[in-house]
1. Once both labels are modelled 7 Å past Cα along the beta-carbon direction, what's the Glu50-Leu74 spacing in nm?
2. Rounded to the nearest whole Å³, what is the per residue volume of the convex hull around the Cα atoms of region 20-74?
Amino acid sequence: MEGTNDYKIADRQSPGSLDPWKRLAAAILTTAAKEARAGDPDAAIWLLSEQAELLAVGIGLSFVHVKRWARARLQLTP
């Protein structure tokens, strides 16, 4: 997802890498993003769901950015 590389640039750990449950949530979101980027509309739609929001907020990821990215994959307007 765009905007999530800030942690690498600033030499900080991702919030999701500290706790095993957060790592799992981050892995789920990452998998959905990879599938959406590869053209799977169901993955992009899922990234707009309440479940994805719960995971994103749980790991400290801005859900606004997740939604914007997923909508771009579906070519939807904000």
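Readers should treat all values here as calculations from the given coordinates under stated rules, not as data from a laboratory. The structure displayed is predicted, hence computed values, not measured ones. We place every Cβ from the backbone using ideal geometry, glycine too, and count neighbours over all the protein chains shown.
1. It is 1.6 nm.
2. Output value, Cα hull per residue: 56 Å³.
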